[in-house]
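Student: Here it is, the structure in full.
A short reminder: the numbers here are calculations on the coordinates, not readings from a lab. This is a predicted model, so every value here is computed, not measured. For neighbour counting, all protein chains shown are included, and Cβ atoms are generated from backbone atoms with ideal geometry for every residue, glycine included.
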Amino acid sequence: MINLKDKKCLVTGGTRGIGEAITNRLREEGCHVLAAGKKNGDLSTEEGIMDLITYTENTLGYVDILINCAGAYQKKSIDISETSEFDKIFNINVKAPWMLCREFIPRMINKSWGRIVNFGSIASYHGHMDQSIYNASKHAILGMSRALFKELNDYNIRVFCVSPGGTQTEMGKECLGNQDYDTFIDPKEIAEYVIFNLKFDNQLIDTELRLNRFFIDKKEKIF
């Protein structure tokens, strides 16, 4: 296990939910963390993504660890969905991570060290009714992560795609339906799992982290 002290980290969506939990753990490890929220750049537009890139460069200079945690969710049937909604969700869930990777990977290559964590979802592996845009975006981030893993492996840059099931966040409440919120995953548990994988530096690597609930409800185990 390596020491993450003084590593420079950007966490998108770092002011709430899973991103906030990861931000807190990185700071406990002694990292310099920029927890990016909407005030640092609106990721639903290319201009906003560029604003965040500029802000990050002015604040941190470069990035050793990139956590793409910001996400947008929509539940809506395809016949009443708008192209503008497609663009917004793909900008936040896919385009922003891609542009941030493109910007900060060259420095990681020069240093022969880096960590990239892209957040997928259980929707990266399944299809759900009335979630065509969201599911498509999460399949896309998984595919991008798989490609980057192969592209960057020779430079000692590790790329992970973390795909949690239902989580106790505001977005989790949007996806709740008739499920038991008390069985949803605690964001702090996800943060612990992410930090472990960031610090692990031996031969073994887990590129796709599918994090499921142990219980569907208070009485029934999911496995």
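Student: With GLY30, GLY61, GLY41, GLY13 as the choices, which residue is touching a residue at least 40 places away in the same chain (Cβ under 8 Å), closer than 29 Å to ASP186 by Cα and not polar (S, T, N, Q)?
Tutor: The match here is GLY13.
Student: May I ask you to verify whether ARG16 is surrounded by fewer than 18 Cβ atoms within 10 Å (Cβ to Cβ), more than 13 Å from the chain's Cα centre (by Cα) and under 25 Å from SER163 (Cβ atoms)?
Tutor: No.
Student: Take SER137 and tell me if it is touching a residue at least 24 places away in the same chain (Cβ under 8 Å) and not β-branched (Val, Ile, Thr).
Tutor: yes
Student: What residue, among those in region 88-131 that are surrounded by fewer than 21 Cβ atoms within 10 Å (Cβ to Cβ) and of a type in the set (D, E, K, R), is farthest from THR167 (Cα to Cα)?
Tutor: LYS111
Student: When you go through ILE116, ILE105, ILE89 one by one, which is the residue that is more than 29 Å from GLU29 (Cβ to Cβ), touching a residue at least 40 places away in the same chain (Cβ under 8 Å) and of a type outside the set (D, E, K, R)?
Tutor: Sole residue among the options that is more than 29 Å from GLU29 (Cβ to Cβ), touching a residue at least 40 places away in the same chain (Cβ under 8 Å) and of a type outside the set (D, E, K, R): ILE89.
Student: Then there's this: Cβ-Cβ distance below 7 Å, separation of 6 or more or different chains: which pairs start in region 68-84 with a residue that is more than 28 Å from GLY14 (Cα to Cα) and end on one that is among the hydrophobic types (A, V, I, L, M, F, W, C) and not in a loop (DSSP other than H, G, I, E, B)?
Tutor: Within 7 Å, the pairs are SER81/ILE133.
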